1. Those residues that are aromatic (Phe, Trp, Tyr) and within 25 Å of Leu281 (Cα to Cα), I need them from the stretch 322-368; list them, please.
2. Right, Val255: under 24 Å from Pro124 (Cβ atoms), hydrophobic (A, V, I, L, M, F, W, C) and surrounded by fewer than 23 Cβ atoms within 10 Å (Cβ to Cβ) or not?
3. Cβ-Cβ under 6 Å, sequence separation 6+ or interchain: first residue in the stretch 150-168 and part of a loop (DSSP other than H, G, I, E, B), partner among the small types (Gly, Ala, Ser). Which pairs?
4. What number of residues within the stretch 243-296 satisfy the criterion of being of a type in the set (A, V, I, L, M, F, W, C) and touching a helix residue (DSSP H, G or I) at 6+ places or on another chain (Cβ under 8 Å)?
5. Within the stretch 214-273, work out how many residues are within 16 Å of the ligand (Cβ to nearest atom) and of a type in the set (Gly, Ala, Ser).
6. Kindly indicate the residue of the stretch 177-215 that is small (Gly, Ala, Ser) and part of a strand (DSSP E or B) and also nearest to Val255 (Cα to Cα) among those meeting that condition.
7. Based on what the data block shows, is Thr379 hydroxyl-bearing (Ser, Thr, Tyr) and over 29 Å from Arg265 (Cβ atoms)?
8. Output the number of the condition that Glu114 fails; it satisfies all remaining conditions of (1) surrounded by fewer than 21 Cβ atoms within 10 Å (Cβ to Cβ); (2) among the acidic types (Asp, Glu); (3) at pLDDT 90 or above.
Amino acid sequence: MKNQAGTKNLLEVDLRRLKKNLCQSVLITVLLLFLIGCSSEEIAPPTLVPLLDLPPAQQTEFAVTAESSPPLMDGERTSNVNRPASVPTPVGVGIRPSEAEQLWVPDAGPEPPEGWRPPPYDVPLSLHYDDHYWLARPLPSGSRNYDLEWYPYGNDVQLPELPAYRIHHGIDFPNQTGTPVLAAGSGTVVFAGPFPSPLDGVNYYGNTVVIQHDWQWQGLDVFTLYAHTLELFVQEGDIVQQGQLIAGVGSSGEVSGPHLHFEVRVGSNNYNDARNPALWLAPFEGWGTLAGRFVDKNSQMISSASLTLTPLDVDTAVRKQRTYYPTVRSDQVWRENFVFGDVPAGHYRLTIDANDGVHIYQREVTIFPGQTSFEIISTNFEFVPTPTPVPVETVAATPEPEN
Ligand SMILES: [Zn+2]
């Protein structure tokens, strides 16, 4: 790791020197052309092209502790599903790398105070070629438009004092009752109303809106779901635009308090086709996403491993969660089993405990503004999952069971 970091630093120094030399060359050229221009009016001034030296997202594929393993197979991240020509796919635009560079935060520091976040980037945004930040936040800036970090996607609740909930297939935005709920993208309302479970008829989701977006991704339909709302301002069949008011935050269904439960479903409007919304919602300005895959020597995902993310210049962990529960779906492109969304750009230490107290991995990671940094951490042993524990029945206390 040290060697790698050293190489990277050298590379950055070289890049800076190269950039400096280039700037000097450009300056001299401009000066020469100016002098020539004094004698002849026919030479056009040169066009300065901004230098792009934003490093690409990390794709290191080896363990960094004493345990190292052979590199994983690569080339499995970008699939080549043909898209029907009739359905548009958004082209990622938003900010230029040079603009992102200006937002670079070298030291992450502690998280900003609760309740404050920068405005999100415009969508669609794809600074990294595998990014697909095509959805806007479903709540306005000024409300709490970032998710509840102790109940992450693919995890149960991460607070030991609380009873087991369900494995989360979405993310939650606690807000005051009546806070506007906005369409994350344009499309057609395919469902609006109470949403009883097809399994037992219980209205867990409460008043719910589902939008089928008017674009596809990887040849697949994309849906967003908005649950537990107070009131609905749309009905089935309505065409909605991104940012349009569709509902108000509420407590309908089985909840412990007012919040928006938000899901992204890819392929079909089905509970089992949910994906991590953090890979779809554009980050806040100057913030980014850390996603990754924790696997054993056979590239099998290791579930429920403890993850801790700590800024390098601070001792306190800013985020804790676990790798996805085995039944939770990963993104088609990233094939991740963990995501830390909404993290200020900067340098961090990622610690993964395989949950046996023996295999603990650490890696320094860099989060870049407006894009996803991806890490693959591999063990050198074979992971044998423990049998799925029988869930404790806490029906009365379960704030948010889902169908
Ligand atoms: Zn939820």
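The values are calculated or read from the model by the stated rules, or taken from the named source; none is laboratory data. Small disclaimer: the values here were computed from a predicted structure and weren't measured. Don't worry about glycine lacking a Cβ; one is built from the backbone with ideal geometry, like all the others, and counts go over all protein chains shown.
1. Of everything in the stretch 322-368, those that are aromatic (Phe, Trp, Tyr) and within 25 Å of Leu281 (Cα to Cα) turn out to be Tyr324, Tyr325, Trp334, Phe338, Phe340, Tyr348, Phe368.
2. No; evaluated as a whole, the condition is false for this residue.
3. Going by the 6 Å Cβ cut-off, the qualifying pairs are Asp156/Ala164; Pro163/Ala397.
4. Of the residues in that region, 4 qualify.
5. Selection size over the stretch 214-273: 8.
6. By that ranking, first place goes to Gly193.
7. yes
8. (3)
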